[in-house]
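Working notes, beginning with the structure itself.
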Amino acid sequence: MAAVSLRLGDLVWGKLGRYPPWPGKIVNPPKDLKKPRGKKCFFVKFFGTEDHAWIKVEQLKPYHAHKEEMIKINKGKRFQQAVDAVEEFLRRAKGKDQTSSHSSADDKNRRNSSEERSRPNSGDEKRKLSLSEGKVKKNMGEGKKRVSSGSSERGSKSPLKRAQEQSPRKRGRPPKDEKDLTIPESSTVKGMMAGPMAAFKWQPTVSEPVKDADPHFHHFLLSQTEKETGSTSIQAADSTAVNGSITPTDKKIGFLGLGLMGSGIVSNLLKMGHTVTVWNRTAEKCDLFIQEGARLGRTPAEVVSTCDITFACVSDPKAAKDLVLGPSGVLQGIRPGKCYVDMSTVDADTVTELAQVIVSRGGRFLEAPVSGNQQLSNDGMLVILAAGDRGLYEDCSSCFQAMGKTSFFLGEVGNAAKMMLIVNMVQGSFMATIAEGLTLAQVTGQSQQTLLDILNQGQLASIFLDQKCQNILQGNFKPDFYLKYIQKDLRLAIALGDAVNHPTPMAAAANEVYKRAKALDQSDNDMSAVYRAYIH
């Protein structure tokens with residue numbers, strides 16, 4: 001293989017551990033992310049995903065030299081989407097280069113015409129022409145420095161999004177839009193690789209023990225840090241899957257429930273190499289995941305009996321109980337050693353009851369509700385709140401790393417349910433307040449867009465605030481978090497307060513607004529549709 005020189009801006013094929021080569025681009029890493037020690041590596045942003053990682057140079061190959069070979073050996077849908085994203089990126093970059101070239105040529109012609117009219121002496125003329133050409137080259141270089149990513153967001157950006165893209169990042173995910181990422185001009189690959197695919201070999205990767213993992217890989221493993229608060233052990237673990245360092249468990253994983261959250265979770269489990277068997281009440285939803293490599297379970301009992309760890313994510317307490325206790329339910333598949341992880345957002349009494357019946361059959365139980373929405377689920381950036389069997393929590397390490405960015409272990413069963421309801425109570429109340437503010441602005445003759453711009457520049461600025469306000473301003477209430485579910489969580493949070501005689505007047509007021517929205521047939525819309533309760 002001929003020597004290959006790679007530089008910032010080059011398109012490459014990157015190899016992550018046991019996963020297939022994927023198209024990406026060498027980019028600048030976040031400012032606070034140091035390069036790993038040891039062998040030379042580059043920071044690569046992968047197309048068609050949110051993934052990025054430090055990749056050793058021997059695991060990188062030029063994109064154009066091996067495009068055809070890669071397309072032949074990988075026929076997956078996501079792979080094709082990634083290749084399409086690369087081609088879109090190249091089309092946009094080419095368009096910008098042509099625009100820059102025309103502009104630079106015009107500048108050169110104007111300068112030459114001016115110099116001919118001036119007719120300086122021969123020595124001065126040569127110096128001026130040289131200087132003029134230098135400026136033209138500089139302009140052309142600047143024209144190439146800023147390019148649009150094939151996976152970038154389209155349309156205009158709010159001030160918040162622009163500010164977020166320009167600010168330093170605390171964690172490894174780069175901005176989705178690379179428009180504002182300034183990079184040196186992409187180099188030409190020196191020495192192209194030739195020969196059939198059989199000669200195209202990757203250096204083998206060696207899985208190292210967790211304790212030896214390089215912290216600079218921006219990969220924070222479960223059980224890394226532990227804090228003691230009173231008598232409750234609270235463990236937080238950042239678990240970024242994007243660097244491909246996850247070694248999937250060899251345990252067979254089951255998953256029950258393929259709704260907005262469950263679908264994204266299963267997709268990421270499969271993507272990170274887990275063996276997954278799926279079941280859903282509406283069987284058609286399983287088809288996509290079967291195509292991605294999942295196995296199909298006919299009943300919850302069958303999934304549990306054939307898998308080592310079974311996760312479930314369903315809508316409410318009734319659905320959670322029916323899944324376990326109903327005909328052909330989870331309980332019928334439980335036997336000693338089988339593990340069940342309930343990721344549904346339910347009340348503490350429900351999860352405690354489920355834990356008791358599972359353990360009574362010799363099974364192991366963990367509650368692990370998740371904080372996030374459909375987009376965060378798809379991106380593998382959920383926050384996982386776990387409680388129950390500590391050993392099972394640790395056994396779920398690779399799964400939690402695949403589906404989320406952070407996990408917390410909160411102690412005994414019931415604690416995660418309580419914490420999750422409190423988190424969603426705050427979120428639901430905040431959403432209702434946002435809707436109330438926007439409608440008050442409208443009826444008093446103020447610009448709703450200006451209100452959003454002001455909020456985005458203040459202390460309340462957040463992705464949540466911006467996204468939900470944009471939903472309202474655009475009239476787009478496609479569900480990212482169902483309104484009916486946030487109302488359910490508010491109801492359960494109020495009941496939690498009542499059980500300990502603690503007032504929750506703000507949540508109670510917000511709950512009434514959501515109930516009004518439900519009466520207006522907004523249940524299956526996004527929670528931001530609570531806005532419609534104020535305008536009807």
Would it be correct to say that Leu376 is closer than 29 Å to Arg78 by Cβ, part of a helix (DSSP H, G or I) and not charged (D, E, K, R)?
-> yes
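This table checks each residue for (1) part of a helix (DSSP H, G or I); (2) in contact (Cβ under 8 Å) with a residue 40 or more places away in the chain; (3) open to solvent by less than 10 Å² (accessible area, probe 1.4 Å); (4) hydroxyl-bearing (Ser, Thr, Tyr).
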{"site": "Gly264", "(1), (2), (3), (4)": "yes, yes, yes, no"}
{"site": "Leu270", "(1), (2), (3), (4)": "yes, no, no, no"}
{"site": "Arg281", "(1), (2), (3), (4)": "no, no, no, no"}
{"site": "Gly293", "(1), (2), (3), (4)": "no, no, no, no"}
{"site": "Ser305", "(1), (2), (3), (4)": "yes, no, no, yes"}
For the stretch 237-260, name all the residues that are assigned to a loop (DSSP other than H, G, I, E, B), open to solvent by less than 10 Å² (accessible area, probe 1.4 Å) and at pLDDT 95 or above.
-> Gly257, Leu258
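Looking at the structure I just gave you, is Ile26 β-branched (Val, Ile, Thr), surrounded by 19 or more Cβ atoms within 10 Å (Cβ to Cβ), modelled with pLDDT of 80 or more and over 24 Å from Leu270 (Cα atoms)? Talk me through it step by step, then tell me what you get.
Details: β-branched (Val, Ile, Thr): yes; surrounded by 19 or more Cβ atoms within 10 Å (Cβ to Cβ): yes; modelled with pLDDT of 80 or more: yes; over 24 Å from Leu270 (Cα atoms): yes.
Taking the combined requirement at face value, the residue satisfies it.
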Could you name every one of the helices (runs of 4 or more DSSP H) located completely within the stretch 422-536 that has at least 1 residues being surrounded by fewer than 20 Cβ atoms within 10 Å (Cβ to Cβ), over 31 Å from the mean Cα position of the chain (by Cα) and at pLDDT 95 or above?
-> 483-499, 505-519, 532-535
Exactly one of (1) modelled with pLDDT under 75; (2) in contact with a His (Cβ under 8 Å, 6 or more places away or on another chain) is unmet by Phe43. Its number?
-> (1)
Within the bounds of the stretch 295-302, is there any residue that is within 22 Å of Asp389 (Cα to Cα) and either open to solvent by 30 Å² or more (accessible area, probe 1.4 Å) or touching a residue at least 12 places away in the same chain (Cβ under 8 Å) (or both)?
-> yes
Is it true that Val57 is modelled with pLDDT under 75, open to solvent by 40 Å² or more (accessible area, probe 1.4 Å) and of a type in the set (A, V, I, L, M, F, W, C)?
-> no
If we scan the stretch 397-409, do we find a residue that is at pLDDT 95 or above, farther than 20 Å from Leu260 by Cα and of a type outside the set (Gly, Ala, Ser)?
-> yes
Can you tell me which residue in the stretch 307-358 is surrounded by the most Cβ atoms within 10 Å (Cβ to Cβ), limited to those that are among the polar types (S, T, N, Q) and under 30 Å from Val500 (Cβ atoms)?
-> Thr345
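The values are calculated or read from the model by the stated rules, or taken from the named source; none is laboratory data. All values reported here derive from a predicted model rather than from experimental measurement. Ideal geometry is used to build each Cβ from the backbone, glycine not excepted, and the neighbour counts take in all protein chains shown. Ligands, DNA and RNA are excluded from the accessible area calculation, which covers all protein heavy atoms including side chains. Shrake-Rupley method; radii C 1.70, N 1.55, O 1.52, S 1.80 Å.
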